Amino acid sequence: MYKTVLATQDELKNWNGIISRCPYSEALHTAEWQDALRTCFKQLEPMYFTIRDNDNAIAGALPCFVFRPIPAVKTLLSMPWTLPGGPLVFPEADAVEATLSAMEKLDEISLSQSPFETALTLHPHCRPEVGDSLESSGYFRSVNFTHILEAGKGYDEIWKAYNKRIRGAVRKAQKTGVIVRETEDEAEMMEFYRIYLSLMSKFSSTPKPYQLLRYLQISSIARLVIAELDHQIIAGLLFVHFNSSVRLWCEASDPSFLKYRPNNAIIDYIIRWACENGYPYVDFGASPPGNKGLIAFKEEWKAQKTRFYTLTKLHSSWRKKLWVVSEPGLRRIYAAIQRFRIRNV
């Protein structure tokens, strides 16, 4: 038997040490990520739990959030933006029983907080029986996929395995004078963010706020890598890293300079960095199923298509409908606010 309880202050201080015992924990599950989201999103309330066995020893952890976008609407999430969250069960524990304990705790929260649904996105390396147990407990399962590159074999072997178009693009970037480097400079983050906002506007996507990217840029779990040509930033990618995984997260490039292949040069830099720093996996992130060009691009790096699952339990259909109707307009307003703020800096 397992029980799930709120993490104590001492456990929160040692949170990263606790979750590192789960082999598939990553930067999204860390204390730094929690602090970043809590600081930058007043609508998100983090609730971090530990899962304990009969001897009261910690057997896993569960990071989650209550999201309140508008009055009368709440949702209980394992992680925003359909990113993989908990439960993070240690290898020696019973994954199914530990997960069911975590679900009992989430059901308690649902009764007191009245969210319209509970949504958990499981990590691709989570044991398959966990998703099966949740589905049999009343959760609806939907399938997503990401692309994961195994980096444990070393950079030289990975370079040889790249599609020849990838190697050619990286060489072209180098020959044309593209310089790739890391930066913690705020002015350079601002320059990258302007490119990012322009890209988000082009695709009618909702941008992440500047303060979140800046917060992560100078944290211990993230790095901003930029590509510059003639002292001008033409592309960048903010990646996060912890435990066994590097995740490519927030990327943008100036379309006027794509012929110099800056994105290829940046990704190659990050893969080399992951190899040199002992990270066995590089996660390229989820792909929209219909974006065949993006999927093909990721597979040219020899990243393998990998399924992961989102499990949802509906608690209030009318609140869900209210959110579905309200969300598009709220996203447009939020995107306009981000563009206004950056123009006035």
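Of L120, L44, L37, how do they rank once you tally other Cβ atoms within 10 Å and put the fewest first?
If I rank by nearby Cβ atoms, fewest first, I get L44, L37, L120.
For the range 148-306, taking Cα atoms only, what is the radius of gyration to one decimal and the Dmax to the nearest whole Å?
When restricted to the Cα atoms of the range 148-306, Rg and Dmax are 14.9, 39 Å.
In the range 265-325, which trypsin sites (Lys or Arg not before Pro) fall in coil by DSSP and have 16 or fewer other Cβ atoms within 10 Å?
The qualifying sites are K302.
Could you sort out which of K153/K175; K292/K320; K74/K208 sit more than 29 Å apart by Cα distance in this structure?
In this structure, K292/K320 exceed 29 Å between Cα atoms.
Tell me the label-point distance for the pair D132, S114, using the 7 Å Cα-to-Cβ offset, in nm and rounded to one decimal.
With each label placed 7 Å out from Cα toward Cβ, I get 3.8 nm.
In degrees from 0 to 90, rounded to the nearest 10, what is the angle of the helix 317-343 Cα long axis to the longest principal axis of the chain?
Helix 317-343 sits roughly 30 degrees off the main axis of the chain.
May I ask for the angle, rounded to the nearest 10°, between helix 31-40 and the longest principal axis of the chain, with both axes built from Cα atoms and the value confined to 0 to 90°?
80 degrees
Sorting check: for 84-90, 191-197, 257-263, which peptide has the highest mean count of neighbouring beta carbons within 10 Å, and how do the rest follow?
The packing order, highest mean first, is 84-90, 191-197, 257-263.
Could you work out the pair-distance distribution P(r) of the range 5-142 from its alpha-carbon pairs, with 5 angstrom bin width and percents rounded to whole numbers?
Calculated over all Cα pairs of the range 5-142, the distribution is 2, 10, 22, 25, 22, 14, 5, 1, 0 percent.
Going by average Cβ neighbours within 10 Å, how do the peptides 176-186, 210-220 rank, with the highest at the top?
Final packing ranking: 210-220, 176-186.
Rank these for me by crowding, R171, R223, going from fewest to most other beta carbons within 10 Å.
R171, R223
Which of S20, S253 has the fewest other C-beta atoms within 10 Å, and how do the rest follow up to the most?
S20, S253
Compute the angle between helix 186-202 and the longest alpha-carbon principal axis of the chain, please, reported from 0 to 90 degrees and rounded to the nearest 10.
80 degrees
Using a cut-off of 15 Å between beta-carbons, work out the net charge of the residues near N291 (Lys and Arg +1, Asp and Glu -1, N291 not included).
Combined, the nearby Lys, Arg, Asp and Glu give +1.
If you put +1 on each Lys and Arg Cβ and -1 on each Asp and Glu Cβ, how big is the dipole of the chain around its Cα centre, in Debye rounded to 20?
For the chain, the charge dipole is close to 1600 debye.
Readers should treat all values here as calculations from the given coordinates under stated rules, not as data from a laboratory. Being a predicted model, the structure only gives us computed values, none of them experimental. Note that we place each Cβ from the backbone using ideal geometry, even for glycine, and neighbour counts take in every protein chain shown.
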